[in-house]
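Presented below is the structure to which this report refers.
The values are calculated or read from the model by the stated rules, or taken from the named source; none is laboratory data. Predicted model, so just to flag it, every value in this text is computed and none were measured. Cβ coordinates were reconstructed from backbone atoms using ideal geometry, including for glycine residues, and neighbour counts include every protein chain displayed.
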Amino acid sequence: MWNDDNAFYDDGEWITWTDINAHLSQLERLELRARFPHINLNMLPYLRSLLDLAESYYDQTGRHLQVYGDIGELFGEVAHGLKLHRNYAEGSDGKIGNDFVEVKTITPFKNKSSVTINLERNFSKVLIVKINANFEISSKLIDRKSLPKTKGKLLRLDWDGFDHEATTSEWLEEI
């Protein structure tokens with residue numbers, strides 16, 4: 001039964017806080033889409049769950065689950081609209097628009113904030129995803145053309161070596 005304690009009457013109908021919160025959630029989603037045009041909100045619950053699991057497991061055991069590569073790829077899906085290839089596909093991890101993307105993840109237990117890229121793979125962008133010790137995520141999407149030139153097939157990339165603006169996971173808690 002609706003009354004003044006759990007709803008209010010306006011324009012001939014009762015409006016509940018559930019109605020208001022659902023509307024605010026929709027507004028937050030629209031705001032996120034404005035900030036991140038390629039966001040995949042359908043994958044957001046999986047990203048949150050996997051990240052929460054990794055953090056809880058570490059808090060409980062002091063050990064890390066081997067899920068950070070998957071978290072990095074999911075973050076790419078959610079934040080950048082990455083469309084992942086099938087598992088174990090060769091060449092790249094997925095596509096953003098027409099660009100083939102290689103995803104590299106810096107884990108919370110890694111001493112250095114760097115990744116190694118195999119230049120023989122087929123990609124036009126590199127998405128570096130960094131998960132810090134507080135399980136906060138940030139990423140940098142870098143064009144292959146911006147990578148330093150090298151004669152070898154492997155290239156080490158330092159997180160701080162690129163001035164690209166990082167996409168952070170602060171918004172994960174917003175919705």
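Residues in the stretch 47-75 that are loosely packed, with under 15 Cβ neighbours inside 10 Å and either of a type in the set (Phe, Trp, Tyr) or in a helix (DSSP H, G or I) (or both): 9 in all. Just one of the listed residues (100, 36, 8, 75) is modelled with pLDDT under 80, closer than 30 Å to residue 145 by Cβ and not acidic (Asp, Glu), namely 36.
Being farther than 17 Å from residue 75 by Cβ and either modelled with pLDDT of 95 or more or among the small types (Gly, Ala, Ser) (or both): is that true of residue 124 here? Talk me through it step by step, then tell me what you get.
Working: farther than 17 Å from residue 75 by Cβ: yes; either modelled with pLDDT of 95 or more or among the small types (Gly, Ala, Ser) (or both): yes.
So residue 124 fits the description; yes.
In the stretch 60-78, the residues that are touching a residue at least 60 places away in the same chain (Cβ under 8 Å) reach residues that are in a helix (DSSP H, G or I) and surrounded by 15 or more Cβ atoms within 10 Å (Cβ to Cβ) with C-beta atoms within less than 8 angstrom, at least six apart or across chains, in these pairs: 68/54; 71/47; 71/50; 71/51; 71/54; 75/47. Counting only residues that are over 20 Å from residue 49 (Cβ atoms), touching a Gly at 6+ places or on another chain (Cβ under 6 Å) and surrounded by 22 or more Cβ atoms within 10 Å (Cβ to Cβ), the stretch 99-146 holds 2 of them.
Can you pull out every residue in the stretch 81-92 that is in contact with a strand residue (DSSP E or B) (Cβ under 8 Å, 6 or more places away or on another chain), closer than 27 Å to residue 33 by Cα and surrounded by fewer than 22 Cβ atoms within 10 Å (Cβ to Cβ)?
So the first thing to find is which residues in the stretch 81-92 are in contact with a strand residue (DSSP E or B) (Cβ under 8 Å, 6 or more places away or on another chain), and the list is 81-85, 91-92.
Subsequent filtering for residues that are closer than 27 Å to residue 33 by Cα retains 81-85, 92.
Within the stretch 81-92, 81, 83, 84, 85, 92 meet the criteria.
Restricted to the stretch 103-129, and to residues that are among the charged types (D, E, K, R) and under 12 Å from residue 140 (Cα atoms), which residue is nearest to the chain's Cα centre (by Cα)?
Pass one, the stretch 103-129, residues among the charged types (D, E, K, R): 104, 110, 112, 120-121, 125.
Now restrict to residues that are under 12 Å from residue 140 (Cα atoms): 104, 125.
Numbers: 104: 12, 125: 16 Å.
Per the criteria, the residue is 104.
Scoring residue 134 on the criteria (1) over 28 Å from residue 31 (Cα atoms); (2) in a loop (DSSP other than H, G, I, E, B); (3) polar (S, T, N, Q) leaves a single failure, condition (1).
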